[in-house]
Amino acid sequence: MSLVGYDSETDSISSGCCAGLSGGCAASEKADLKNYNGSATYQEIPHCTTEMQGYDVEFEPPLESKYECPICLMALREAVQTPCGHRFCKGCILQSIRDAGQKCPVDNEILLENQLFPDNFAKREILSLTVRCPNKGCEQRMELRKLDTHTSQCLYATVPCRDCNKQVRRSHMNEHMANQCLRRLIICPNCAGSIIFEEVKTHEEECPLANVMCEYCSTELIREQLKSHCDMDCPKAPVLCTFSSFGCPEKMQRDKLAQHMQEYTQMHMHFMAMSLRSLSLTTPSHMGPILQSDSSEFHFDPAPPLTGPCTMASPISASGAAGGQTPSHCDCDQNRQHLQETIHQLESRLVRQDHQIRELTAKMETQSGLVGDLKRQVRVLEEKVNELEAQQFNGIYIWKIENFSAFLRTQEADQPVVIHSPGFYTGRPGYKLCLRLHLQTPSVPRCANYISLFVHTMQGIYDSQLPWPFQGTIRLSILDQTEGPVQQNHEEVMETKPDLLAFQRPSMPRNPKGFGYVTFMHLQALRQREYIRDDTLLVRCDVTPRIDLSCIRREGFQPRGLESSM
């Protein structure tokens with residue numbers, strides 16, 4: 001019997017069904033043997049819903065022809081005999097009788113289903129034969145009856161991944177689940193939340209702690225701060241004029257608002273005067289009938305020149321031009337004259353306040369400039385001091401996290417806590433690094449209530465003199481602050497992996513990719529020893545760089561020969 005190559009998935013399915021079929025039909029076969037006497041009352045042999053052919057496996061030595069089914073030409077599965085002495089697979093002969101008629105496929109003798117009887121002797125002989133594992137690469141040999149057990153455990157069998165349903169060899173399943181499965185869970189380096197690998201891009205677009213750029217000023221900040229930055233702080237964000245409620249339609253960048261306020265002060269005063277006029281004309285209730293009857297005699301210029309205060313035509317001259325007034329209207333004239341004087345006084349006060357505002361604005365801009373210069377100088381000095389301090393650590397850095405109880409309360413409220421340490425150098429010259437600590441919230445799967453600790457590379461002043469990627473050993477510790485000779489620090493040691501982005505030369509002030517432990521220490525363990533003292537947690541980082549001399553290339557270098565003395 002010649003055999004061809006097999007698909008391992010098909011083989012494992014076909015071989016895996018043999019035990020189930022034999023067990024499920026054993027009771028019926030015994031009943032068939034007991035009742036078979038050629039009588040008309042003999043019951044039909046029960047059969048499984050899915051008709052199965054013979055065993056399509058490779059036998060060693062090759063299968064004898066007496067154990068082959070004449071229909072499927074494979075090893076007999078659930079062998080049955082006919083009254084004419086021929087053997088068939090149970091499923092094959094039942095299907096043949098139903099499709100080709102009630103006759104034996106070999107000699108065309110009349111054959112009914114109730115005339116078939118199990119051949120248990122042939123069945124035992126076949127199940128005792130030696131077969132090879134059908135999975136490609138597996139060299140195991142066993143009896144046919146043990147094939148089902150072997151294939152269920154064979155490391156060369158392909159099985160579906162429980163997450164992505166991809167067919168993977170059983171021996172490669174752990175590697176697939178850890179590094180290749182598209183549905184595997186990974187930890188977001190920004191918020192430390194668990195996400196599915198194929199949804200990384202979607203999460204990066206929504207992560208509240210991801211680094212983003214302001215579209216107006218290109219400042220880098222985390223996403224949850226972006227709205228507040230644009231609404232309150234961004235100097236390039238578009239804003240409305242402060243006098244927009246009075247009618248100013250201008251819209252400009254926030255850093256140009258002060259200039260606009262200074263250049264268009266007269267126009268803003270005009271808008272305010274118009275608003276005050278409307279209030280003066282509508283607010284006094286006892287003057288309503290007078291203003292309604294004689295409002296046509298007032299004329300306000302909607303666009304007075306910006307070089308002087310707003311002007312208004314004299315109501316007395318306007319009334320005289322209208323053709324004279326009788327003495328009965330003297331009270332109305334006095335009221336109009338009083339209103340006109342009030343408006344002129346308000347306009348005068350606006351002009352004086354305008355000059356005062358301009359003077360105060362000029363002083364404020366001068367003071368703001370001086371304060372800004374001082375702040376920049378202080379910031380530069382602080383950066384220089386921090387840089388000098390960072391160079392003194394020589395690879396041993398102790399990070400003091402003060403007010404730690406406040407961070408714990410935030411974590412208990414199911415809000416993420418992310419803290420970055422100041423930078424420190426591994427030597428002079430050396431690499432610049434920093435630490436990042438997360439307090440995982442109670443709702444995070446797999447790492448709830450854990451302290452996560454990571455190391456990030458930073459841009460330093462010695463980067464151009466050092467080989468990249470960074471290589472070395474890093475020891476992370478949370479220090480036990482118990483007084484006495486016995487202290488139990490919680491420590492982990494890791495070796496850098498040069499192929500990771502976390503150890504490449506950073507292209508921004510702090511490399512967004514970190515390397516460390518998601519489950520560094522459980523928060524419950526902090527209470528077992530005095531890891532927190534005076535509301536301060538101490539985290540120590542020991543870094544031992546390892547210089548790879550093969551990375552240092554000095555092209556074109558020729559050693560200089562010795563010279564004879566003069």
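The values are calculated or read from the model by the stated rules, or taken from the named source; none is laboratory data. Note that the structure is predicted; figures quoted are calculated from it, not measured. Cβ atoms come from the backbone with ideal geometry, glycine included; neighbour counts cover every protein chain shown. Please note that ligands, DNA and RNA were not included when accessible areas were found on the heavy atoms of the full protein model with its side chains. Shrake-Rupley method; radii C 1.70, N 1.55, O 1.52, S 1.80 Å.
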Q) If ligands, DNA and RNA are left out, what is the accessible area of VAL417 with a 1.4 Å probe, given in Å² to the nearest 10? A) 10
Q: Based on the mean of other Cβ atoms within 10 Å per residue, sort peptides 86-94, 185-193 so the most packed one is first.
A: 86-94, 185-193
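Sort THR410, THR265 by heavy-atom solvent-accessible area, probe 1.4 angstrom, most to least. If you can, show how the numbers build up before the last one.
Numbers: THR410 45, THR265 10 Å².
Correct descending sequence by accessible area is THR410, THR265.
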Q | Set of lysines near LYS363 by C-alpha distance (under 21 Å), chain-local residues within fewer than 8 positions excluded | A | LYS256, LYS375
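How would you classify the stretch 450-554 from its alpha-carbon gyration tensor, with a ≥ b ≥ c the square roots of the eigenvalues: rounded for a/c under 1.5, else prolate if a/b is greater than b/c, otherwise oblate?
Details: a/c = 2.65, a/b = 2.24, b/c = 1.18.
Cα axes put the stretch 450-554 in the prolate bin.
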Q. Once the whole set of protein chains is in place, how much accessible area is left on GLU341, using a 1.4 Å probe, in Å² to the nearest 10?
A. 90
Q: Taking amide H positions as placed in the peptide plane 1.01 Å from N, state which residues far from LEU63 in sequence (5 or more) or on other chains have amide H under 5 Å from it.
A: none
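Once you keep just the Cα pairs under 8 angstrom separated by 6 or more residues, what percentage relative contact order results for the stretch 386-426?
On the way: 24 pairs, mean separation 27.7, N = 41.
Relative contact order here is 68 percent.
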**Q.** Environment charge of GLU250, counting only residues whose C-beta is closer than 14 Å and scoring Lys/Arg +1, Asp/Glu -1
**A.** +2
Q. Solvent-accessible area per residue for the stretch 56-167 at a 1.4 Å probe radius, Å²?
A. 52
Q: Arrange the residues VAL212, VAL455, VAL378 by how much accessible surface each exposes, largest first, with a 1.4 angstrom probe.
A: VAL378, VAL212, VAL455
Q: Might you work out the accessible area of CYS164 for me, using a 1.4 Å probe with all protein chains in place, and round it to the nearest 10 Å²?
A: 40
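What part of the accessible area of the stretch 396-468, given as a whole %, is carbon or sulfur when the probe is 1.4 angstrom? Each step should come with its number before you reach the end.
Details: 1500 of 3060 Å².
Whole-percent figure for carbon plus sulfur exposure: 49.
Hey, what's the stretch 385-487 come to in accessible area per residue, 1.4 Å probe, Å²?
Details: 4570 Å² over 103 residues.
For the stretch 385-487, the solvent-accessible area averages 44 Å² per residue.
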